[in-house]
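The values are calculated or read from the model by the stated rules, or taken from the named source; none is laboratory data. Predicted model, so just to flag it, every value in this text is computed and none were measured. Positions of Cβ are backbone-derived with ideal geometry, glycine not excepted, and every protein chain shown enters the neighbour counts.
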Amino acid sequence: MSAVRVGIHDLSVATAGHVLALDDLAAYDGTDPAKYRVGLGQEQMSVPGPDEDIVTMGAAAALPILHTHGADGIRTLFFATESGVDQSKSAGVFVHELLGLPATCRVVELKQACYSATAALQAAAGLVARNPAEKVLVIASDVARYELDSAAEATQGAGAVAMLVTADPALAEIEPVSGVHTADVDDFWRPNDSVNAVVDGKLSIVAYLDGVIGAWEDFRARGGAPLGEIDRFCHHQPFTRMAVKAHRRLAEHEGVALDEELLAVTTGYNRRIGNSYTASLYLALAALIDADDDLAGRRIGMFSYGSGSVTELFTLVVQPGYRAHTRGAETERALAARTPLDIARYRELHAATHLDSHADLQTAHESSGPFRFTGLTGRARRYARTDA
Ligand code: CAA
């Protein structure tokens, strides 16, 4: 009996409705703009309005997939996020309702900083391998937030990726070997009473780079492909220069030269969206398949990092004909549709994020996306579809 080929059949991107230029942030905080553009490799960050969050972005990312493929066969929705909107209820349940998915569906939220979308993808692959008639919707959605006026502020952002995992995928097959690595590190976390992440930036870079090698060694020990047989790499991009640091560490470890030029194309969306935690690695993949038309049959190394820390390195093989299934034009439209913010409005939006759930609330209708967070009643979050 031949093994079932399982992988990513469709992949769609969404982001928040506002955008801040990092040159404006640099002018405001007295930083040389080259530090953000070159040192961090970031140009812009997406910023959610008062009626946007991980649910509205996640549902917006998944909607085009539902339009193309319908909901038939989807029996699982995994929602991966660091920036959950409730301590108990999965953000995926709100999305399930907004998208009109069948009641015969399991829905759960997964958390491990920026890593959990990869755990979701692997779990999805396992479910589909067990029953190839089933499909799994994986959504990764996050709002990356740090304290105003902190060193981490320039590495904020917001975005979501939805992926349909199926048998005989049109975009990329997930290869079975995977390397994993866990180490308890206090590099980045978010206490239950904080809307901003707490971060030790320098330690986080060290922990990330240690995780690259830990996952790589496990990957190789389990029979994963050698570097020479991996054609492209996507690395988690908290800021896009981090991908270069990861690549250099891998090259030093293996004593080879790795082509850093090939990474540039993977940064196309993250440079403009900023950090989107769980979605970041898959935004790198989206940027790669949207921009490169010579990937059929090529193997892509995927490095996933979640502070705290858990890492995973696995590979995809891009499928023949994948170009017919990419959604680059839609992503460019979403990026272009964002409303530019000046610093004063950006700081206002940042300060307004904490909501007291004891008071009923109606949010201002600012978003032009297909879904809105409409407010709070009876301490519960309410959402609406705006394009129906
Ligand atoms: N022109 C060009 N480059 C410049 C420059 C200039 N004028 N000024 C500085 N730079 C360069 C620096 O040399 C440095 O580059 P190298 O690291 O290659 O040396 C880069 O710009 C950043 O400068 P600093 O190290 O001085 O920056 P910083 O200390 O102010 O903060 C940071 C950088 C630690 C990344 C901070 O933004 C931060 O804490 N961010 C959040 C944490 C984070 O993203 N960590 C990444 C790994 S953890 C992870 O991946 C999980 C996650 O998603 C959070």
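Evaluating Ala27 against the criteria (1) surrounded by fewer than 19 Cβ atoms within 10 Å (Cβ to Cβ); (2) touching an Asp or Glu at 6+ places or on another chain (Cβ under 8 Å) leaves one unmet condition, (2). Hey, any hits in region 281-304 for a residue that's aromatic (Phe, Trp, Tyr), outside any strand (DSSP E or B), touching a helix residue (DSSP H, G or I) at 6+ places or on another chain (Cβ under 8 Å) and away from the ligand (no atom under 15 Å from the Cβ)? No, region 281-304 contains no residue that is aromatic (Phe, Trp, Tyr), outside any strand (DSSP E or B), touching a helix residue (DSSP H, G or I) at 6+ places or on another chain (Cβ under 8 Å) and away from the ligand (no atom under 15 Å from the Cβ). In this structure, is Leu127 in a strand (DSSP E or B), more than 27 Å from Asn196 (Cα to Cα), of a type outside the set (Gly, Ala, Ser) and in contact (Cβ under 8 Å) with a residue 12 or more places away in the chain? The answer is no for Leu127. When the test is whether a residue is buried (at least 24 other Cβ atoms within 10 Å of the Cβ) and under 15 Å from the mean Cα position of the chain (by Cα), Leu121 passes it.
Okay, residues lined up against (1) away from the ligand (no atom under 14 Å from the Cβ); (2) acidic (Asp, Glu); (3) more than 19 Å from the chain's Cα centre (by Cα); (4) not assigned by TED's automatic domain parsing to the domain that holds Gly126:
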{"residue": "Asp10", "(1), (2), (3), (4)": "yes, yes, no, no"}
{"residue": "Gly17", "(1), (2), (3), (4)": "yes, no, no, no"}
{"residue": "Asp23", "(1), (2), (3), (4)": "no, yes, yes, no"}
{"residue": "Tyr28", "(1), (2), (3), (4)": "yes, no, yes, no"}
{"residue": "Arg37", "(1), (2), (3), (4)": "no, no, yes, no"}
{"residue": "Glu43", "(1), (2), (3), (4)": "no, yes, no, no"}
{"residue": "Val47", "(1), (2), (3), (4)": "yes, no, no, no"}
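The residues in region 167-202 that are of a type outside the set (Gly, Ala, Ser), closer than 19 Å to Gln156 by Cβ and without any contact (Cβ under 8 Å) to a residue 24 or more places away in the chain can be counted, and the count is 4. Asp142 satisfies every condition listed in (1) within 13 Å of the ligand (Cβ to nearest atom); (2) surrounded by fewer than 24 Cβ atoms within 10 Å (Cβ to Cβ); (3) touching a residue at least 60 places away in the same chain (Cβ under 8 Å) except (2).
Going through region 330-368 one residue at a time, which ones are hydrophobic (A, V, I, L, M, F, W, C) and in contact with a strand residue (DSSP E or B) (Cβ under 7 Å, 6 or more places away or on another chain)?
Ala334, Leu335, Leu341, Leu349, Leu355, Leu361 - these are the residues of region 330-368 that are hydrophobic (A, V, I, L, M, F, W, C) and in contact with a strand residue (DSSP E or B) (Cβ under 7 Å, 6 or more places away or on another chain).
Ile139 meets the conditions (1) in a helix (DSSP H, G or I); (2) under 20 Å from the mean Cα position of the chain (by Cα) in every case but one. The failed one is (1). Between Phe233, Phe219, the distinction of being more than 27 Å from Val19 (Cβ to Cβ), among the aromatic types (Phe, Trp, Tyr) and either assigned by TED's automatic domain parsing to the domain that holds Ala334 or more than 16 Å from the ligand (Cβ to nearest atom) (or both) belongs to Phe219 only. Filtering region 145-173 to residues that are more than 10 Å from the ligand (Cβ to nearest atom) and outside any loop (DSSP other than H, G, I, E, B) leaves Ala158, Gly159, Ala160, Val161, Ala162, Met163, Leu164, Val165, Thr166, Ala167, Ala172, Glu173.
When we screen Phe188, Phe239, Phe233, Phe219 for residues that are within 18 Å of Leu11 (Cα to Cα) and among the aromatic types (Phe, Trp, Tyr), the only hit is Phe233. Output the residues belonging to region 62-108 that are in a strand (DSSP E or B) and in contact with an Asp or Glu (Cβ under 9 Å, 6 or more places away or on another chain). The answer is Ile74, Arg75, Thr76, Phe78, Phe79, Ala80.
Results for (1) among the aliphatic types (A, V, I, L, M); (2) buried (at least 19 other Cβ atoms within 10 Å of the Cβ); (3) under 29 Å from His9 (Cβ atoms); (4) not assigned by TED's automatic domain parsing to the domain that holds Ser88, shown as yes or no for each residue.
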position: Leu295; (1), (2), (3), (4): yes, yes, yes, yes
position: Ala336; (1), (2), (3), (4): yes, no, yes, no
position: Ala352; (1), (2), (3), (4): yes, no, no, no
position: Arg372; (1), (2), (3), (4): no, yes, yes, no
